[in-house]
1. Of everything in the range 118-154, what is more than 19 Å from residue 166 (Cβ to Cβ) and free of Cβ contacts under 8 Å to residues at least 12 places away in the same chain? Give them in sequence order.
2. Just one of (1) over 14 Å from residue 44 (Cβ atoms); (2) of a type in the set (Gly, Ala, Ser); (3) in a strand (DSSP E or B) trips up residue 104, so point out which.
3. Please note which strands (runs of 3 or more DSSP E) are completely contained in the range 119-186 and include at least 2 residues that are surrounded by 11 or more Cβ atoms within 10 Å (Cβ to Cβ), at pLDDT 80 or above and of a type outside the set (A, V, I, L, M).
4. Would you confirm whether or not the range 98-118 contains a residue that is over 19 Å from residue 37 (Cα atoms), open to solvent by less than 40 Å² (accessible area, probe 1.4 Å), aromatic (Phe, Trp, Tyr) and touching a strand residue (DSSP E or B) at 6+ places or on another chain (Cβ under 8 Å)?
5. Select from the range 80-89 the residues that are surrounded by 11 or more Cβ atoms within 10 Å (Cβ to Cβ) and not hydrophobic (A, V, I, L, M, F, W, C) and write down the one among them that is nearest to residue 125 (Cα to Cα).
6. Within the range 71-100, track down each residue that is without any contact (Cβ under 8 Å) to a residue 12 or more places away in the chain and not β-branched (Val, Ile, Thr).
7. Considering only residues that are part of a helix (DSSP H, G or I), open to solvent by less than 50 Å² (accessible area, probe 1.4 Å) and not aromatic (Phe, Trp, Tyr), which ones fall in the range 52-79?
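The values are calculated or read from the model by the stated rules, or taken from the named source; none is laboratory data. Note that this is a predicted model, so its numbers are computed, not measured. Please note: Cβ atoms are built from the backbone with ideal geometry, for glycine as well, and neighbour counts cover all protein chains shown. The accessibility values were calculated without ligands, DNA or RNA, using every heavy atom of the protein model including side chains. Shrake-Rupley method; radii C 1.70, N 1.55, O 1.52, S 1.80 Å.
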Amino acid sequence: MRPAKKTVAKRSTISSAITGAIILLICSPVWAGASDQSDVRAAIQRIFNQLKNGEYESLYDSLPASARSRISRDRLVQGLQRTHDSFQLPRTELGQVRVSGNLAVVDTTMYAHVAKPFDADGKLVVQQYLVREDGNWKVATGDTATINRFLQSNPSFGKKFPIKRAEAFVYQNDKWVPLPLGQRRS
């Protein structure tokens, strides 16, 4: 009678182990996707905090290699330092995160208080494009040439996640008023 109990216990343990392994195999792509999404969110938040806190030297390392090849660290830092007193960035809101391989896009709303040349609150609704290089997510937003190259070399990603035009708003009379982007105001 004892051997039968041991055999049943062994079979139960083996069955549990196999069931657990199958569950891990089935669920691991889902967990990897969730991990990718949280990694992308963390990268966007880290980059926003670097920009918000004036950590421009570190921010340079968050650019993809193609962008870093076109602008030096000093030039980027100096350009951002010139704008440092013009605005404050109180917060950002991250929307949907979509990841496909080494590319990601995040719907983002960045809020700012613009001190110069006028005193107003504003927000920018934009997609943040990221590329994974050497295991780290790098932000390519603001670099249209880089984004277009990514999308051209990855047409399926571009079809799944087409570029949305950035939108800017200023808060006036208790509402968000759209500002035209890429056009001169008279």
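1. Passing the criteria: 118, 119, 134, 135, 152, 153.
2. So residue 104 meets the others, but not (1).
3. 120-133, 136-139, 167-172
4. Checked against the condition, which is being over 19 Å from residue 37 (Cα atoms), open to solvent by less than 40 Å² (accessible area, probe 1.4 Å), aromatic (Phe, Trp, Tyr) and touching a strand residue (DSSP E or B) at 6+ places or on another chain (Cβ under 8 Å), the range 98-118 yields at least one hit.
5. Residues of the range 80-89 surrounded by 11 or more Cβ atoms within 10 Å (Cβ to Cβ): 80-81, 84, 86-89.
Imposing the further condition that a residue be not hydrophobic (A, V, I, L, M, F, W, C) reduces the set to 81, 84, 86, 88.
Values: 81: 23, 84: 20, 86: 19, 88: 16 Å.
For the range 80-89, the residue satisfying everything is 88.
6. Of the residues in the range 71-100, the ones without any contact (Cβ under 8 Å) to a residue 12 or more places away in the chain are 71-72, 74-75, 78-79, 82-83, 96.
Once the filter is applied, which keeps residues that are without any contact (Cβ under 8 Å) to a residue 12 or more places away in the chain and not β-branched (Val, Ile, Thr), the range 71-100 yields 72, 74, 75, 78, 79, 82, 96.
7. We begin by selecting, within the range 52-79, every residue part of a helix (DSSP H, G or I); these are 52, 56-60, 65-68, 73-79.
Applying the additional criterion that residues be open to solvent by less than 50 Å² (accessible area, probe 1.4 Å) yields 56, 59-60, 65-67, 76-77, 79.
Answer for the range 52-79, where residues must be part of a helix (DSSP H, G or I), open to solvent by less than 50 Å² (accessible area, probe 1.4 Å) and not aromatic (Phe, Trp, Tyr): 59, 65, 66, 67, 76, 77, 79.
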